[in-house]
Amino acid sequence: MNGNELLRPGGEKRGGLDASLAAEDLELTRLSQLLFPGLGAGEALEFAFGLLTDDGETIRLRQEILGDLLDHPALRETMEKLRGILEELETCSRGVRDNLTGMKVSRLDAAVDGLKKAVLKLEKNLSQQGADILEENAADNRYAQLLRFTHFRRRLTALYAEAIGLLRSSTRGEKFASASLRALGEWAEACYEKDRVAETEKALRDLDVEWKGVSAFAVDVCLDARRNVVGLEMAEVRQMPYARPGMLEAAGSGEERSGVTSLLQFPQTGTGTLFQEYLLSEVGYEVRSKLTRLRESLTKLPVSGIEELLTLRDALRFYTGAAAFAEKLRSRGAPLCAPSLTEEVTFRFREAMLPEQSCTGALPVPNDLTLSKGGSILMTGPNSSGKTCCLIMAGQFLFLGQLGCLLPAKEASFSPRDRLLTLFAAGESETGEDSRMGLEVQRLGLLQEHMTDRSIFFFNEPMTSTSATEGGQICVDLLADLAGKGVPSLLVTHFNHIWPQLRERFDALGASDKLQSLVMTSEETEDGLRYLYKLKEAPPPPSSHARAVVAAKGVTLEAMVEALSRRGLDMRAGDPGWDKVRRGAV
Amino acid sequence: MACLLYPAGKGPAASPFPAQTIEDLQLGRLAKAMSPSDYYRLTPEELCALFTGDEEVLRHRQAVFRDVLRFPELESAMEKLLDSLDGWESRGGSRRGGADAFAVGFSLDEFTWLDGYLKKIDAAWREFDRIPVESAGFRALQGLLNELRNSKRYQDAASDFKELCPGFSAPARMRLGYNLDNELKPSRLKLLAMEPPEEGTRSKSAQKRKMMLTQRAVETDAMLLQRVSAQASQDINTFVIRETAALRGLRKELIVCLAVRKLTRSWEEAGLPACFPELRPPEEKAFRAKGLFDPLLLISDKELVVSNDAELRQGGELLILTGANQGGKTVFLLSMGLGQWLAQLGFPAPAAEAAVSPAENILTIFAPNGQRYGRKGLLAEEAGRIASAMENLTAGSMVLFNEPLTSTGPEETKAISAEVIAVCMAAGARGVWVTHVYELASHRASLEEALPWGSRLGSLRIVLEEVGGETRFTYRVERGEPKGYSHAEDALRRGGIHLSDVPAARA
């Protein structure tokens, strides 16, 4: 059994989807964090990137396992627990691997080493050669390795037993649709029997009575009159760590105080690192008898499936994240579906909702959105009516769908893409290196370099940093150019006037059936504009209702003049000139 | 005690500087570039706190900065004083880094350091005293150093501290406790106890196992003892810092003076001028500059820095600037904004000659970033910024608009822009409005006629050259009517964008 087999048919990576150029615009970092909440922003996105695929079989395998997980809550819970166990298990496994020398220290060694140390101390006082040997001997970290080996092996054995027991109990007797999950259950059963896990658990309980570990220790530094260090003595080895505050700390925190100073960070670089090893060797030497006894008992407890168990990490992370995401959608009443794969259209989503909002805010208005194969959508409508959200939703659906996740939609199908490409309106560059137009041109050049006929473009209000006539013309050229190459695209814009030109160009290309105009709807009411957040197929409207948006922020002629008059500025609110301004007659 | 940036009896004004202006004018980059070093770093907020329209304060600062530019030896004197002040500042944590990490043994002796510090004060006093400064600010500083150097407190400091720390005399045994983390690494340590020398021999039960004593263990333990002893002596340092609080007020002022020197030096090295602007009365709303340039271009290492002359008509003028994409509109806007800002810090302006009336504030509206605000709605974000600017707008404001309100239909952009311009104009604000909506400039006369008070409107345009049938940028700006074309396709071509079916389809 290998964890990769849960993520990819036969455990082998097939295909991919490059979403790196769209990650920021489509807010994929935030979406990835929503899926994989235990990871940092960058880590979550990187993890998702590694799983993206355009291979249909891979997508179907993941959908099948996710379906089983949603039907078997106990297995999902086990996987959540296992994730935590595996993280710790990895540390322990590394700890055991890195300290194998600790296996070689015998009880006889311990006795001989004590004698050697006494002789060496004497030699040090007699010759430089003796001092050198002492340095060399101090660099021998066998006892540190013995301490760590025993510590990690004890923890590893306990975690392994817990993990196998959990997997076995949650898969036993269950009927999964997924062959991969069935194989996982069989493997857990075999490990449980072979490694006598029940006996191991009992043996560990017995050992815990004898040994409770080491959490702290103290060393006396002996000084001469000139404050030179002249000796070191092992003062104590403790099970409990020292408390943080020292005697200089202000009283009243309620925390127990100990020692003179509060706890400081131990230097983790340079000599500090080497000194750690030296100290730990001395601690190991101090408790060497107990350690060798414990180690011998531990190595008799088998953990034969440990390496395979560790390979489950990525699969667990993906499936627990994706299942929790789907469960969240379901519990909030959002529609949920496993998208099917098609070559007939670029995508077709019915009653689709923006994923993040469906998980966290009020449920959004569902929308239908279809983009024909190699076609283009012109999306227009009032400001702040939800066009950008719709565009982001389409991009995120492809991202989630090509991860193998379920989608917040009644029905969904899509043709897997190889690249998601986005061009959003640029603001001023942070370093002032280039103009807004310059930035958009650079970006467009970059996207063209990466484009293939299996890519998809999302444009959000591009080319607004030039005159409307020129900007609109460039948008027409862009969409026609992409349609000519068979690359699908979705353009959100306020250049409503380009629709006739666009139709003309697509007609000339013989692709008029591939062009669609969608409008985000709204309605005029007595209280002003009411957003419906619903798309409909129609030619672009004559207005973007910008006044309604700016008025909501208090940017109207009346409000501005009144506010400034109130503050004592000479605005002459009653002057007839303002009427001319209001009527646009200036 | 502050004396370099404010005359006696004056201090910082309470009014906050708009955060949006800091972002739009890229004051963070400018502040970083003029900071004397990474360590002595100025933040844009610190600089903006110096923004003032108080003529007395500005004249005081101009005199101080003139001294800075006139007497190069002041730079070294200020650096030395800053260095010694910095000693007190960083003493707060009482931990020594750097070379101390390699020291053998550990030190509880604060006196060596204190002596060194006092010597630096003495040296700074001597250095300042021999420079014939003319400004009231530097004369006050000379007076302050003189008073400090000859004060009883200064004279008595060493002996005071000697009395306060006699306790760390001769510990014979220091017990260090270590906590282990989950991977069994010593992660924290603390000083648990210090024992005096023992009298007689230890009983057998009190004896402990001796660990191997290696050279490395000796060195590392000395370093660890240094750290824990530094922690223990923190109280002493707290006392010291309190005693010297008055001196530390000078630190930022010295950094600002060094920053002015660094800024003007960078302009000199690029062959660009600097001048202290003539201060004009606020009601004149003057902004006149010859050879004005954008100092941010130097930070970006641009080889070509084109200067322009700029002038706002007396009584206030809002200039509408149009022209080709990438032709230098934003750079011109920034030149004016930064010129005004620097003048109101009392700094030299990036120009050969300048005359400036202080503005009550500088308000900016730059196009927001689609990536950052796309989902929220660019227009809504921009409208929020305009509303916020309007709350602070006064007849004395300078307003700088850079391609605002483009995130809607072209007709709506024009209509709303015209209203905002009308309000700014009627309110009497001056400034610049960069746009591709040419009608805003070409129809300005009718707006002026409708609202015949407040500021006036002017039209600026980008100058292009025709050479051999090709259009070239000059990055110059001139007064004149808009040309009506933004050369967007040229921008595409320069960016290497070729839309394959364009010619055929258009044909």
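The values are calculated or read from the model by the stated rules, or taken from the named source; none is laboratory data. Since we're looking at a predicted model, the values are computed, not measured. Don't worry about glycine lacking a Cβ; one is built from the backbone with ideal geometry, like all the others, and counts go over all protein chains shown.
Brief remarks follow.
- The set of residues in the range A:284-297 that are out of contact with any helix residue (DSSP H, G or I) (no Cβ under 6 Å at 6 or more places or on another chain) and either facing chain B (nearest Cβ under 9 Å) or within 30 Å of A:Ala44 (Cα to Cα) (or both) contains only A:Glu286.
- A:Lys300 away from every other protein chain (no Cβ under 14 Å), basic (Lys, Arg) and either under 23 Å from A:Val197 (Cα atoms) or not in a helix (DSSP H, G or I) (or both): yes
- In the range A:496-512, the residues that are touching a Ser or Thr at 6+ places or on another chain (Cβ under 8 Å) and modelled with pLDDT under 95: A:Asn496
- Condition check for A:Asp575 on (1) buried (at least 16 other Cβ atoms within 10 Å of the Cβ); (2) acidic (Asp, Glu); (3) in the same structural domain as A:Gly386 (by TED's automatic domain parsing): one failure, at (3).
- Any hit, the range B:14-24, residues being closer than 24 Å to B:Glu134 by Cα and part of a loop (DSSP other than H, G, I, E, B): no
- Once the range A:495-507 is narrowed to residues that are in contact (Cβ under 8 Å) with a residue 24 or more places away in the chain and part of a helix (DSSP H, G or I), the residue that is surrounded by the fewest Cβ atoms within 10 Å (Cβ to Cβ) is A:His497.
- Number of the condition not met by A:Leu378 [criteria: (1) modelled with pLDDT of 95 or more; (2) farther than 17 Å from A:Pro488 by Cα; (3) not polar (S, T, N, Q)]: (2)
- A single entry from B:Thr408, B:Thr413 fulfils the requirement of being surrounded by 24 or more Cβ atoms within 10 Å (Cβ to Cβ), modelled with pLDDT under 95 and either within 33 Å of the chain's Cα centre (by Cα) or at the interface with chain A (Cβ under 7 Å from one of its Cβ atoms) (or both): B:Thr408.
- B:Arg95, sole failed condition from (1) of a type in the set (Lys, Arg); (2) over 30 Å from B:Ile365 (Cβ atoms); (3) modelled with pLDDT of 85 or more; (4) not in a helix (DSSP H, G or I): (3)
- Selection count where residues are farther than 22 Å from A:Glu277 by Cβ, of a type in the set (D, E, K, R) and either at pLDDT 75 or above or loosely packed, with under 13 Cβ neighbours inside 10 Å (or both), scope the range B:164-221: 5
- Residue check, A:Val492 in contact (Cβ under 8 Å) with a residue 12 or more places away in the chain, β-branched (Val, Ile, Thr), within 10 Å of chain B (Cβ to nearest Cβ) and under 21 Å from B:Ile497 (Cβ atoms): yes
- Search result, residues across the range A:542-557 that are farther than 14 Å from B:Val420 by Cα, more than 7 Å from chain B (Cβ to nearest Cβ) and not aliphatic (A, V, I, L, M): A:Pro542, A:His545
- Of all the numbered requirements in (1) out of contact with any Asp or Glu (no Cβ under 9 Å at 6 or more places or on another chain); (2) within 22 Å of A:Thr78 (Cβ to Cβ), A:Tyr278 misses one, and that requirement is (2).
- Filter result for A:Asp25 (in a helix (DSSP H, G or I) and either among the charged types (D, E, K, R) or not assigned by TED's automatic domain parsing to the domain that holds A:Ile164 (or both)): no
- For the range A:518-541, a tally of residues being among the aromatic types (Phe, Trp, Tyr) and either surrounded by fewer than 17 Cβ atoms within 10 Å (Cβ to Cβ) or within 7 Å of another protein chain (Cβ to nearest Cβ) (or both) returns 0.
- Failed item in (1) more than 24 Å from B:Phe293 (Cβ to Cβ); (2) facing chain A (nearest Cβ under 9 Å); (3) of a type outside the set (D, E, K, R), with B:Ser442 passing the rest: (2)
- Of the helices (runs of 4 or more DSSP H) lying entirely inside the range A:529-586, those containing at least 3 residues that are without any contact (Cβ under 8 Å) to a residue 24 or more places away in the chain, within 18 Å of B:Thr408 (Cβ to Cβ) and within 50 Å of the chain's Cα centre (by Cα) are A:546-552.
- Among (1) under 30 Å from B:Glu391 (Cβ atoms); (2) modelled with pLDDT of 95 or more; (3) within 18 Å of the chain's Cα centre (by Cα) - the single one B:Glu56 does not satisfy: (3)
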